[in-house]
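The values are calculated or read from the model by the stated rules, or taken from the named source; none is laboratory data. Note that this is a predicted model, so its numbers are computed, not measured. We place every Cβ from the backbone using ideal geometry, glycine too, and count neighbours over all the protein chains shown. Accessible surface areas use protein heavy atoms only, side chains included; no ligands, DNA or RNA. Shrake-Rupley method; radii C 1.70, N 1.55, O 1.52, S 1.80 Å.
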Amino acid sequence: MEALKRADSAINELIDKEFHRLESTINLIASENYCPLPVREAVGSILTNKYAEGYPGRRYYAGCQFVDEIENLARDRCKTLFQAEHANVQPHSGSQANAAVYFAALKPGDTVVAMSLKSGGHLTHGHPINFSGTFYNFINYEVDEQTQEIDYAAIQQIVTEHKPKLIVAGASAYSRSINFAEFRKIADSVGALLMVDMAHIAGLVAAHLHASPVPYADFVTSTTHKTLRGPRGGFILCKKEWAAQIDRAVMPGLQGGPFMNVIAGKAVAYHLAMQPEYVEYQKQIIRNAQALANEFRNLGYDLVSKETDNHLFILDLRSKELTGKEAEETLESIDIYVNRNTIPFDPQSPFVTSGIRLGTPMLTSRHMKEEQMRQIAIWIDQALQNRNDENILKDLKDKVQLFCQQFPFE
Ligand code: PLP
């Protein structure tokens, strides 16, 4: 990045440092990934110059002939990848995609049923400090206290009692497969609409390794930057009958000019997701998550909801007499990144928490396999057990540094 180096050495140096951080640390943050170089090239391109309010063929700006083709390619690829009737690829983020569905389908004050943040839902699923919980009447469901899995009968009861206009399925921290057909049945029992937020599992859905919500949901929202491995951004899929309302809700409802550079990056990411090696990548994400989970079980750790079917799981650290915050901080000191995370019915505050969330999309992008997962679990356990021993932590940090050199990323 020669021009940047000449124009602004401060930012250039910080980007270099961030590159080095990404290269030299073990990143288990389940919502992050290494965005491929061709996608980054599209996002960093001159497309950032273009104003293109509106949609292909119906823009409020001149000179949109090429960006129209780019957005059409992005939409068509997205529809093909997920076998959807309509796609809107303009949302700047997953939160904007969720906001657009609410704006299209609801009136302020309408009732919505969604998973609580503590059970694994997202802030935009009705948390009181989020716009969703401020403008709409969200009723949250929890996972079952014993199994820590989604309890469809309990959701049915809540839905029968509250008769929501919309039901939201999907989560940020839930390791089991979600039964979208069951959610559809529950929605139909009261004539509710169904939205599935597949932000976390979109890559697995694209590779047919998790059941697709598309046949069941009126709306599917997603991010592009998690398992899907695209640029930072969002998109919405819906049935044809909702296409015009969803498009209007995104623009002019919530956004102005789309980020055409990011839309080009999304188009490249959808294209990469249609290549045969992508399915192998997604399969390895799951194999790695299961290998990591198994090793933690062997080391005596408790997993929330016992198993993982996807790219992540949550360790319940109560039996180790540790909080999520202590664990996150200890691991950061040896260059291993995880998030502290609430467990269902967590006795600790969301700032402290009793768990950590671990995900494998990033390490799998660096071509790590089951053997490396087992090694990482052992290092994590050693660090947590010896969190007050500076010598052991220093030794583990050195091992992590050496190990990372064997797994470069593009
Ligand atoms: N939905 C879910 C399930 C998520 O996990 C997230 C992000 O963590 C979002 C929506 C929001 O995405 P963004 O951070 O792009 O707004």
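Using per-residue counts of other Cβ atoms within 10 Å, averaged over each peptide, order 334-341, 98-105, 130-137 from highest down. Working shown, then result.
Values: 334-341: 21.4, 98-105: 24.2, 130-137: 17.4.
With the highest mean Cβ count within 10 Å placed first, the list reads 98-105, 334-341, 130-137.
Could you tell me the distance between the Cα centroids of the range 207-254 and the range 314-363, to the nearest Å?
Answer, in whole Å: 30.
Based on the mean of other beta carbon atoms within 10 Å per residue, what is the order of 386-393, 253-260, most packed first?
253-260, 386-393
Highest mean first, what order results for 202-209, 268-275 on Cβ atoms within 10 Å?
On the way: 202-209: 22.1, 268-275: 20.0.
With the highest mean Cβ count within 10 Å placed first, the list reads 202-209, 268-275.
State the Cα centre-to-centre distance between the range 136-181 and the range 282-313 in whole Å.
23 Å
Along the charge dipole of the range 102-244, which of F131, A173, V159 sits closest to the positive end, that is, farthest toward it, with unit charges on the beta carbon of Lys, Arg, Asp and Glu (+1, +1, -1, -1)?
F131
Using only helices, what value at 222 nm comes out for the chain when you add -39,500 (n - 2.57) per DSSP H run of length 4 or more and divide by the total residues, to the nearest 500 deg cm²/dmol?
Taken over the chain, the calculation gives -13500 deg cm²/dmol.
Work out the charge dipole of the chain with +1 on the Cβ of Lys and Arg and -1 on the Cβ of Asp and Glu about the Cα centre, then indicate which of F66, T147, A30 is farthest towards its positive end.
F66
According to a simple spin-label model (label point 7 Å from Cα along Cα-to-Cβ), what is the distance in nm between A3 and T160?
6.3 nm
Over 30 Å between C-alpha atoms is what I'm after, so list which of K17/K226; K5/K394; K118/K283; K118/K163; K320/K394 land there.
Over 30 Å Cα-Cα: K5/K394.
What are the aspartates and glutamates whose alpha-carbon lies under 17 Å from the alpha-carbon of K185, with same-chain residues fewer than 8 places away excluded?
Partners found: D151, E161, D218.
Using Cα-Cα distances under 8 Å and only pairs 6 or more residues apart, what relative contact order does the chain have, in percent?
Value for the chain: 22 percent.
Rounded to the nearest 5, what % of DSSP beta bridges with both residues in the chain are antiparallel?
If we restrict to bridges inside the chain, about 55 percent are antiparallel.
From the square roots a ≥ b ≥ c of the eigenvalues of the alpha-carbon gyration tensor of the range 278-405, which class results: rounded (a/c under 1.5), prolate (a/b over b/c), or oblate? Spell out each step's value before the answer.
Numbers: a/c = 1.86, a/b = 1.12, b/c = 1.66.
Oblate shape, in that a/c is at least 1.5 and b/c is the bigger or equal ratio.
Hey, if we sort R357, R77 by accessible area with the 1.4 Å probe, largest down, what's the order?
Order by accessible area, largest first: R77, R357.
Suppose every K and R has +1 on its Cβ and every D and E has -1 on its Cβ; what is the size of the dipole of the chain about the Cα centre, in Debye to the nearest 20? Could the numbers behind the result be given before it?
Details: 41 positive and 49 negative charges, 187 e Å.
The dipole magnitude comes to about 900 debye.
For the charge dipole of the chain, defined by +1 on Lys and Arg C-beta atoms and -1 on Asp and Glu C-beta atoms about the Cα centroid, which residue among T227, S305, G265 has the Cα displaced farthest towards the positive pole?
G265
Would you work out if the chain is rounded, prolate or oblate? Take a ≥ b ≥ c from the square roots of the eigenvalues of the alpha-carbon gyration tensor; rounded if a/c is under 1.5, else prolate when a/b is larger than b/c, oblate otherwise.
Oblate.
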